[in-house]
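What follows is a short report on a single structure.
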Amino acid sequence: MSTSSDLRPHKPASPTAPHGVPGWLVALLAVASGMTVANLYYAQPLLSSLSGVFHISTATAGSLITLTQVGYVIGMLFLVPLGDRLEKRNLITVLLTVTTLALVAAGLATSFPVLLIASLVSGATSVVAQVLVPFAAGLAPDHARGRIVGRVMSGLLTGILLSRTVSSLVSDVAGWRVVFLGSAALMALLAVALRAALPRHAPTTTLPYHHVLRSTFRLVRTHPALLRRGLYQAAMFGAFSAFWTTVSFVLTGPRFHYSSIGVGVFALVGAAGAAVAPFAGHWADRGLVRPMTGLAFVVAALAFALAGFGGHSVIAIGLAAILIDMAVQTTLILGQHTVYQLDPAARARLNSAFIAMFFVGGAIGSQLGSVVYHSGGWTGLTILGAVLPLAALLYWTTERKQPAAAAEPATASR
């Protein structure tokens, strides 16, 4: 049976190939991950515009974000596991092609239901990012896997944060349709670039598709660490989503009077948090997963407290945004480092279960954050945001060190 190690570049390590993986390839994977995952968030700054265009309420418009994330979860559960079953380069090409078509449909939509369906499909196929991350993990040597995954994830997380800024600026200049049509063009170019640059990566299992899906769910029962890290990240991503879904209401409200462009520029502040990703990978490689996870939970809770008490200061809210993003990115990379070690032959399926769990948390956080904000204001939102990482911290106190078990590959998932 072929493994990812059979397909690693055969050139010796060099200044352009740190840790045995070419630097340009790591950069391409990072950019590609950021560009694809950004499709989930382009609509966030457009909600007020879309409510006017389609004559719907802001709450109904907000369902676009939730449905896009639901699509992503569907893709994680039913498409990403194919990364273990099919040749990855071909899978990536097909997914990006469908994403391109869905984004074109979104950009040309004449009714809100059409936009919802197109966003659901583009959300599902934008899981390309979650095929690329385990792809990078498979190319990396064991001693540097955390650092390389951290670099790729820094691109993915930067894409999440910059998507709002790009969307705000483009829509203000050229209209909301160009946001989706422009992304469609980028996805088409990305499909060509990845097709040309990626090495062929043979399947790691010959199980039929329905067995692959069944084994994905079985992995959650087989590996307690997978469920634990998924729940950790669900809480953190729920808090993250609640913050970024509602902060635009604060910034555009009577307190600050920001324009949509101002909200987009504010999102650049949060993007500074992506700088922690390579450090988180380094901490993972040094065996500091557990203590740094606990510290990240504390930082997130304190950040929401700062956002609450400093709600009249955009500087305080901006600093809180940076700290929240840093904490969420830290736990994400530490979690992926743990999950990828559980079974090297099932990394796509492990990643599928892990990401699906925390995106469910993100979808719930977005919806719950909107409800809490409209009923309890910014104070209620920040309390909700602090409670989620504190709940994760409480769960973290029950964790026991199991280094040997975590390192043992499972054979049942093959």
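The values are calculated or read from the model by the stated rules, or taken from the named source; none is laboratory data. Small disclaimer: the values here were computed from a predicted structure and weren't measured. Counting neighbours? That spans all protein chains shown, and the Cβs are built from the backbone with ideal geometry, glycine included. Heavy atoms of the whole protein, side chains included, go into the accessibility calculation; ligands, DNA and RNA do not. Shrake-Rupley method; radii C 1.70, N 1.55, O 1.52, S 1.80 Å.
The table below lists the values:
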{"item": "Accessible area in the full protein assembly, largest first, 1.4 Å probe, for T158, T110", "result": "T110, T158"}
{"item": "Spin-label pair V265/R221, simplified geometry with 7 Å Cα→Cβ offset, distance in nm", "result": "5.5 nm"}
{"item": "Accessible-area value, R290, 1.4 Å probe, nucleic acids and ligands omitted, Å²", "result": "60 Å²"}
{"item": "Computed FRET value (nearest 0.05) for R290 with S375, which takes r as the C-beta separation and R₀ as 45 Å", "result": "0.80"}
{"item": "Added length on full extension, which subtracts the Cα-Cα distance from 0.36 nm per residue, A196 to L302", "result": "33.6 nm"}
{"item": "Net length gained if the chain between V178 and L394 were fully extended (0.36 nm per residue, minus Cα distance)", "result": "73.3 nm"}
{"item": "Distance between modelled label sites at D142 and S111, nm, 7 Å Cα→Cβ extension", "result": "5.8 nm"}
{"item": "Under Karplus coefficients 6.51, -1.76 and 1.60, residue-wise ³J(HN,Hα) of segment 359-373 in Hz, glycine/proline x", "result": "6, 4, x, x, 5, 5, x, 4, 5, 5, x, 5, 5, 5, 5"}
{"item": "Net charge dipole size for the chain [Lys, Arg +1 and Asp, Glu -1 on Cβ; Debye, nearest 20]", "result": "740 debye"}
{"item": "Heavy atoms of I65 accessible to a 1.4 Å probe, total area in Å² rounded to 10", "result": "0 Å²"}
{"item": "Label-point separation in nm, H211 to F309, each point 7 Å along Cα→Cβ", "result": "5.8 nm"}
{"item": "Segment 177-274: C-alpha gyration tensor shape, a/c 1.5 cut-off, then a/b vs b/c", "result": "oblate"}
{"item": "Candidates G287, G83, G107, ranked by Gaussian network fluctuation over the chain, Cα under 10 Å, top entry", "result": "G287"}
{"item": "Estimated FRET transfer efficiency when R0 is 25 angstrom, pair F256-T60 (beta carbons, to 0.05)", "result": "0.50"}
{"item": "Residue among V328, V265, Y340 farthest towards the positive dipole end of segment 264-414, charges placed on Cβ", "result": "Y340"}
{"item": "³J(HN,Hα), Karplus 6.51/-1.76/1.60, whole Hz, each residue of segment 184-192, x for Gly, Pro", "result": "4, 5, 5, 5, 5, 5, 5, 4, 5"}
